[in-house]
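Comments concern the structure below.
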Amino acid sequence: MSAITDWAAKEQADLTAISGQLTTIAAGIAKLDAMITALQASPGTLSPSDQAALDAIEAQSAALATAAKAIDLTPPAA
């Protein structure tokens, strides 16, 4: 393989990895939206299931923040 095809293969691998992370984040956001909608539809004060929903949202938010921070924005080395 030439230097250009070697570089292109590495670049494609980097882009594929980034795309996978973004897909994970987008899916996580959709899941959080569903949790928030369910929580907002719950009337009255916080029940044990409401508290569990809040705890789940908090945990999912932390996981998304970690996933977002894990995305390497450094351009590949030449």
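Quick note: the coordinates plus some simple rules give every number you see, no bench work behind them. From a predicted model like this one, the values you see are computed outputs, not experimental measurements. Methodologically, a virtual Cβ is constructed for each residue, glycine included, from the backbone with ideal geometry; neighbour enumeration extends over all protein chains shown.
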(message) From the alpha carbon gyration tensor of region 26-67, can you work out the equivalent ellipsoid semi-axes (sqrt of 5 times each eigenvalue) and give them in Å, largest to smallest?
(response) 21, 11, 5
(request) May I ask for the angle, rounded to the nearest 10°, between helix 3-40 and the longest principal axis of the chain, with both axes built from Cα atoms and the value confined to 0 to 90°? (result) 10
(request) Alpha carbons only, please: Rg and Dmax for the chain, in angstrom. (result) 19.2, 66
(request) Might you report the magnitude of the Cβ-based charge dipole of the chain about its Cα centre, with Lys and Arg at +1 and Asp and Glu at -1, to the nearest 20 debye? (result) 40
(request) Once you've got the GNM for the chain with C-alpha springs shorter than 10 Å, pick whichever of 42, 19, 61 has the biggest mean-square fluctuation. (result) 42
(request) Count charges around residue 13 for me, please; just the other residues with Cβ under 14 Å from its Cβ, Lys/Arg as +1, Asp/Glu as -1. (result) -3
